[in-house]
1. For a quick check: sort A:41, B:372 by the number of other beta carbons within 10 angstrom, fewest at the front.
2. If I take every Cα pair under 8 Å that is 6 or more residues apart in segment B:286-519, average their sequence separation and divide by the length, what percent do I get for the relative contact order?
3. Relative contact order for chain B: what percent, with Cα pairs under 8 Å and sequence separation of 6 or more?
4. Given an 8 Å cut-off on Cα distances and at least 6 residues of separation, report the relative contact order of chain A as a percent.
5. Using Cβ contacts closer than 10 Å as the measure, can you line up B:394, B:300 from fewest to most?
6. On a 0 to 90° scale, report how tilted helix A:293-314 is relative to the longest principal axis of chain A, with both axes built from alpha carbons and the result rounded to the nearest 10.
7. To test your reading of the geometry: what angle, between 0 and 90 degrees and rounded to tens, separates the Cα axis of helix B:113-132 from the longest principal axis of chain B?
8. Hey, quick one: spin label on residue B:79, modelled 7 Å out along Cα-Cβ, who in segment A:438-475 has an amide N within reach, i.e. under 19 Å?
């Protein structure tokens, strides 16, 4: 028996490594910093994330595999890496003052976010089911803790526990799926799975993988945890989960189904289409009924997962690039929306009820305008990023013969307009509610909001570069 | 030659809107904002006037002042703008009504002036954008862009007793239902025109020559009806008109003027710009149902208007009646039959002129209603009477606009309605005969309900004196109100007496469009 050293190509996993090292540094830094210096750890995290972004850009057009084809650097992965990093940067910018106000300003908070990002980056680079699973766990475990990070808050604890239990459950499904796929094909490598003959066992394995992914991105009927977890978790973490987990999990989802199981994916397409319809419809209809803005955004995130699933059903190059563009657009828009919620908080109190937004247009005209833009973008209005994303997705669906799915999609986005407009209506057309002072927006939060706003408008008005970057980068 | 003329026209209001936001807060900021917005809005009007009256060639059937740049390369979306005889008058009317609306509002809007004038200028960008877009994607972007400010204008500055928020969201959702279906049709047409090697197109000019789904009548019909619905809701054609009375009644005066004057035209403009040239066969095959819907709009709209007791609602329903003539004219122009090109062109000219005239006349009428409401704080037709003698200037102006609306010869409305019927009798004689009823009812509603109730009769001194305690004060038109209405009255008379000023422009394009589809 001969042992060969695997091809260690650290460059390919450089973004992952940089974030992991930053996480360790921040974790150690926690030990030597006083409570007044915790802010510095946040800045250190930002530096780490930006450095990882730089390293990821260096991988553009690298098209390489390493570690015995365990990881793969392709433009698909780099695009998602940058999307996730953008989401993480915005989240940390939003966190500085939020954690202080909520008395959870610790190094662990930042370290856990970075660990989770490590898992996410690994997930979109993974070319092997085992790595995907590893990444899935690495991204999930820190999030379970972060969801319960407000230790004195029962809702937060409930969120953490719920997320953990259901997450563990879905991991089991996923692992079982991997086992069956391995049993059927003798490999866990995505490219080699594609080359092996289809069988019943592979089909069932693929179905179990689908369940695992469906849990993570909150597809109906595996979405039950979402509203409670999103509502209970600290708002910054909710914002982060709602976008970054989706980007990472959809990345692996797309890769697994399009690279490893293209033939089987055809069989699963009708099921996925039905799931997409259910997800969009339930998400939007349930969001209509919510008075709590975090719950509303939770259901809206379910609906958006449904839209992205349309792109997956449509498959083909158009579908993949549409999904990537949509994930980027959704990341910026949703973080912007949550950012506005965070910005309007007062100490530990947050404006959670839609009616709390009354009269804000007069007290905070800029912030109200920003939140309006984010809501319109979520609803898919031009000239904002959300519109172009929806356009690309529905276009991909029609192109590949799924016109009826696109019809369901547009009707759904029609329904969604109603609830996205509700905070807007409150801000512009209702009187201010008692008990709230004039909101003051912290500079770093304002920076995050402005960055998100620029992104949302730029992607809406000049989408061409981003579409070009999102196109055709999935290595097989 | 003005470089980037149309882009300037689209961008100027947007820049103005941005400046409105930047004017610093202070005691005088409101009057500064108003003053600035009005003056700024004159610039697009001057530019549009210069383009139309000086540079525009009325005898050229091709697009003028064209600009085209690649915008989203991967899906072949272009920033392609241009105007022809169909869109130039409407662009000009948009800039005119915006100036008048802003000018009038600067006197009557006291709350949240900054937001009002911002929204209004943003709305102007959206409307001009739709008229000049020659790329369907761009068209759609502007189409939606106009929706949001109008929603805010109705919801925030609407009359509290008319459920402005309900009316605004109704307007918003109705329009949106149509536009999302249009979006799907746009996508389908793009994909249908693409081949393995070349991308599809969103270009309206190219689509008119390529005729997507030419060999697939079912899909062509689906796309046609998707787009049809979007436009029909906007027009609004019976039975999609129910949003209109609510939105109009609730909207502030200037909002109603723009809604009636321009936004409704977006729908009929779409009929002529998109549906006729791109789907001539489907349109021809469905002329009868469309003409019947137009007939119902005309007759039913007039009857319902006649039944109203609310002045503003009456004018709103009269729009359903008047916009019906436009659709009738378009349907008559493309109907299958032996009629020659001249007859058809007359019908289409009538339809296009009716679009312009309705903007002028109904725009004026909404100002007139608003002016009365400012004084009486009610729009109930029964509570007026005898105003003709008490407020003679108001009476004269209302009389003129009403006569123009009912189609009295010598005023604008007559010319366009006459032409629509002249064309329609050639191709759809039976339908045209029924539609004449609409003229009768229309005259009845203006004479009986409006003129008789408001201007004639006995002036109830006692009641008005009593009302004065509640802040009601009756006085004749002030100078700014006369200034607001003067240009519109002038246009009514000018087009009524000498329609050639605009008809030449329209005729060139009618002949060009119909020449493409009629053998």
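Just so you know, all these numbers are worked out from the coordinates, no wet-lab data involved. Given the structure is predicted, the values throughout are model-derived calculations rather than measurements. Cβ placement follows ideal geometry from the backbone for every residue including glycine, while neighbour counts extend to all protein chains displayed.
1. Values: A:41 24, B:372 21.
Fewest to most other Cβ atoms nearby, the residues stand as B:372, A:41.
2. Details: 363 pairs, mean separation 68.1, N = 234.
Relative contact order of segment B:286-519: 29 percent.
3. On the way: 900 pairs, mean separation 76.2, N = 519.
This gives 15 percent for chain B.
4. Worked out over chain A, it gives 16 percent.
5. Values: B:394 24, B:300 19.
Least crowded to most crowded, the residues run B:300, B:394.
6. It works out to around 30 degrees.
7. Its long axis makes an angle of about 30 degrees.
8. Taking a point 7 Å out along Cα→Cβ of residue B:79, the residues of segment A:438-475 whose backbone N falls under 19 Å are A:454-468.
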